[in-house]
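Each remark here refers to the structure printed beneath this line.
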Amino acid sequence: MTTQSDNQTTTIGPYTHVQYQPVPYQPLDAGLIEKALTVGDVSKMPPEVRVHFYRALCASCGLNPLTRPFILLKTRPTEHNPSGELTWYATVGAAEQLRKLHLVSTRILSRERTEDGLYVVTVQASTPDGRQEESQGIVAIGGLKGQELANALMRCGSKALRRVTLALCG
């Protein structure tokens, strides 16, 4: 085992662990923050501001930013925004952390295949204080077979769990 305090690394066998170094705080431009909060578009933010905004977003939710609970998602172009928006999307990892943080219990109420080729999973979630929510995940499975079908069925369950968690935890 080797420890180097000058660059804060620890080596144990073949593995090297680098200590987390906080990024120095830089004031955030109020106009960019306003656009991100009101419109949801962070595309105009410079990368360093986007990183600070991401860290603030994770901190406000109590999530570990190193696990990538949010990813940047480019939305489809619309009439009002022909180039689309770049916005934060809460991942399944964010939902898992929120469920643990808020002691959310989940229960799958139903799984069903519809006649028109959809698979629907309905999930109920509750918190210790008695609040409850229900949400559905729906995916198209018409024509899918084998591994593609299996992946779609699992994605549907994950989708339902993510949606119910975000509905309950905000």
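The values are calculated or read from the model by the stated rules, or taken from the named source; none is laboratory data. Since the model is a prediction, treat every value here as computed from it, not as a measurement. Neighbour counts are summed over all protein chains in view; Cβ atoms, including those assigned to glycine, are modelled from backbone coordinates with ideal geometry. SASA here: full protein model, heavy atoms, side chains in, ligands and nucleic acids out. Shrake-Rupley method; radii C 1.70, N 1.55, O 1.52, S 1.80 Å.
Remarks
- The one condition from (1) open to solvent by 70 Å² or more (accessible area, probe 1.4 Å); (2) modelled with pLDDT of 95 or more; (3) over 16 Å from Cys156 (Cα atoms) that Thr127 does not meet is (1).
- A Cβ distance below 9 Å, combined with a sequence gap of six or more or placement on separate chains, defines the contacts here; from region 122-134, residues that are without any contact (Cβ under 8 Å) to a residue 40 or more places away in the chain and over 17 Å from Glu96 (Cβ atoms) reach residues that are outside any strand (DSSP E or B) and open to solvent by 30 Å² or more (accessible area, probe 1.4 Å) in the pairs Pro128/His102; Pro128/Leu103; Glu134/Ala167.
- Qualifying residue in region 47-56 (condition: of a type in the set (Gly, Ala, Ser) and open to solvent by less than 30 Å² (accessible area, probe 1.4 Å)): no
- Total residues in region 67-104, condition β-branched (Val, Ile, Thr) and over 16 Å from Ala167 (Cα atoms): 5
- Qualifying residue in region 94-105 (condition: free of Cβ contacts under 8 Å to residues at least 60 places away in the same chain, surrounded by 12 or more Cβ atoms within 10 Å (Cβ to Cβ), over 19 Å from Cys61 (Cα atoms) and within 21 Å of the chain's Cα centre (by Cα)): no
- Here the helices (runs of 4 or more DSSP H) wholly within region 1-101 that include at least 1 residues being modelled with pLDDT of 90 or more are 47-61, 92-101.
- Residues satisfying the stated conditions in region 42-74, i.e. in contact with a strand residue (DSSP E or B) (Cβ under 6 Å, 6 or more places away or on another chain) and of a type outside the set (A, V, I, L, M, F, W, C): Ser43, Lys74
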